[in-house]
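Worksheet: one structure, shown below.
The values are calculated or read from the model by the stated rules, or taken from the named source; none is laboratory data. Remember, predicted model here, so these are calculated numbers, not experimental data. Virtual Cβ from ideal backbone geometry, glycine too; neighbours counted across all protein chains shown. What goes into the accessible areas is simple: the full protein's heavy atoms, side chains included, and nothing from ligands, DNA or RNA. Shrake-Rupley method; radii C 1.70, N 1.55, O 1.52, S 1.80 Å.
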Amino acid sequence: MSAPNKSYDPVEVSALAPEEVERARDEALAAIAAAADLDELKQVRLAHAGDRSPLALANREIGALPPAARAEAGKRVGAARGAVAKALKARQAELEEERDRRVLVEETVDVTLPWDRAPRGARHPLTTIQERMADVFVSMGFEIAEGPEVEAGWFNFDALNFKPDHPARTMQDTFFVGSEDTDLVLRTHTSPVQVRALLERDLPVYVVVPGRTYRTDELDATHSPVFHQLEGLAVDEGLTMADLRGAIDAFVGGMFGEGLATRFRPSYFPFTEPSAEVDMQCFVCRGASVERGADPCRTCSSEGWIELGGCGMVNPRVLVACGVDPERYSGWAFGLGVERTLMFRHGVESMHDMVEGDVRFTLPFGMEI
Ligand SMILES: [Zn+2]
């Protein structure tokens, strides 16, 4: 006869009593049946079939029984655990099926619904006309140059021969970034990119600079604190005002049609010398509206000419500031207003239309993307 098993204690193994095993099994089955979704079932599995569940603990205690009692206890606990496992598996399958059915309904895509009701949108007419203007110069061999909109005062003014007491440097026209002492401004024109181009590129330089510029103007029919310019710069050996005139003529032909005259009127800019305002013949009436008794022309206000922008020969002081020898090189520059061009080319009457974002204004320009 073997020695009595000292670890056998009827109190400790009361979990193995038939009614206890049945109770644990029934509780497990009830919990499984009550699990409403897969998350709940996961918790039930942990509680009733996990390592710390009553049936698992009971199973662990079988070894402490006298050998004669083990077989029966093992059978009882095994049957209970089997029943629980089977119920878990069945409920799992049920709940998965339920979830799949629900997902199918909830995530249904109705492929017959219309998908293109929202308008696709298009680029703003200012953007497209700016590109079109630049393209005319690109076709002549110019490159596009760009520069920062927050600019150092030196680039925006000093290098362009704006004397320290020039009115454009006061708060009236210029947005300063931070205080006036920081010498950082929102560029008031695209001309600082002329300076950057000359400092960064090898000569000769032929660039056009489309870009956004800022001045402290109130928004009205013809002004906006944010507007766009197209700047052009050519610096090479032997350039004259005749080359400038030729480039402007080519631009007018490219944008408005062949055969339109241009004219220069004397003007003043700090960064060009001599300077000129450039006009083109009205592309609608071609000057005919000026004649007595002719139909009035809205595009040129019956003046026959349309103001295009400013231009001139690059001031030698600017060339020197950019490290270019003015004895050897000369250059010319021009600045065209993009908003102005859109206004007279397409009969846009107010700046408000361009900034208010109303698609009723932009739609007639087409859906060019
Ligand atoms: Zn006209």
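How much length is gained if the chain between T170 and A122 is pulled fully straight, taking 0.36 nm per residue apart and subtracting their Cα-Cα distance, in nm to one decimal?
On the way: separation 48, 0.36 × 48 = 17.28 nm, distance 3.84 nm.
So the extension gain works out to 13.4 nm.
Among beta bridges from DSSP that stay inside the chain, the antiparallel ones total about 95%.
Each principal axis of segment 147-195 carries a Cα extent, and these read 24, 20, 15 Å when sorted largest first. Between E106, E307, E356, the Gaussian network model of the chain with springs among Cα atoms under 10 angstrom shows the greatest mean-square fluctuation at E106. Taking N315, N161, N59 as the candidate residues, the one with maximal mean-square fluctuation in a Gaussian network model of the chain, Cα springs under 10 Å, is N59. Springs between Cα atoms under 10 Å define the GNM used for the chain, and in it the highest mean-square fluctuation of P67, P164, P316 occurs at P67.
Only helices enter the 222 nm calculation for the chain: every DSSP H run of n ≥ 4 contributes -39,500 (n - 2.57), and dividing by all residues gives -12000 deg cm²/dmol, rounded to 500. For the set K86, K163, the ranking by accessible area, highest first and with no ligand, DNA or RNA atoms included, is K86, K163 under a 1.4 Å probe. Lacking any other cysteine beta-carbon closer than 4.7 Å, the following Cys residues of the chain have no compatible partner: C311, C322.
Return the FRET efficiency for the residue pair E61, T108: r is the Cβ-Cβ distance, R0 is 45 Å, and the value is rounded to the nearest 0.05.
Here the calculated transfer efficiency is 0.30.
Relative intensity of the chain on a log10 scale, I(q)/I(0) at q = 0.15 Å⁻¹, equals -1.27, per a Debye sum over C-alpha point scatterers of equal strength in the absence of solvent. Distance between the 7 Å Cα→Cβ label points at K86 and E19: 2.6 nm.
Heavy-atom surface analysis with a 1.4 Å probe gives the chain a carbon and sulfur content of 53 percent of its accessible area. In the chain, taking the dipole from charged Cβ atoms about the Cα centre, the farthest positive-side position among W154, A250, T108 is held by T108.
Find how much the distance from E146 to A294 grows on full extension, using 0.36 nm per residue of separation minus their present alpha carbon separation; answer in nm with one decimal. Mind dumping the intermediate values first?
Values: separation 148, 0.36 × 148 = 53.28 nm, distance 4.47 nm.
Fully extending the segment from E146 to A294 adds 48.8 nm.
With θ taken as phi - 60° and the Karplus curve 6.51 cos²θ - 1.76 cosθ + 1.60 applied, the whole-hertz 3J(HN,Hα) list for segment 251-267 is 5, 4, x, x, 8, 10, x, 6, x, 9, 6, 10, 8, 10, 10, x, 8 Hz, x standing for glycine and proline. Protection proxy ranking, highest mean first, for peptides 270-279, 183-192, 117-126: 183-192, 270-279, 117-126, where packing is the per-residue count of other beta-carbon atoms within 10 Å, averaged.
Rank by packing, highest mean first: peptides 330-341, 45-56, 228-239, with packing defined as the count of other Cβ atoms within 10 Å averaged across residues.
Numbers: 330-341: 23.0, 45-56: 16.0, 228-239: 20.5.
Descending mean neighbour count gives 330-341, 228-239, 45-56.
Give the accessible surface of the chain per residue, rounded to a whole number of Å², with probe radius 1.4 Å and ligands, DNA and RNA excluded. Numbers along the way, then the final one.
On the way: 21050 Å² over 369 residues.
On a per-residue basis, 57 Å².
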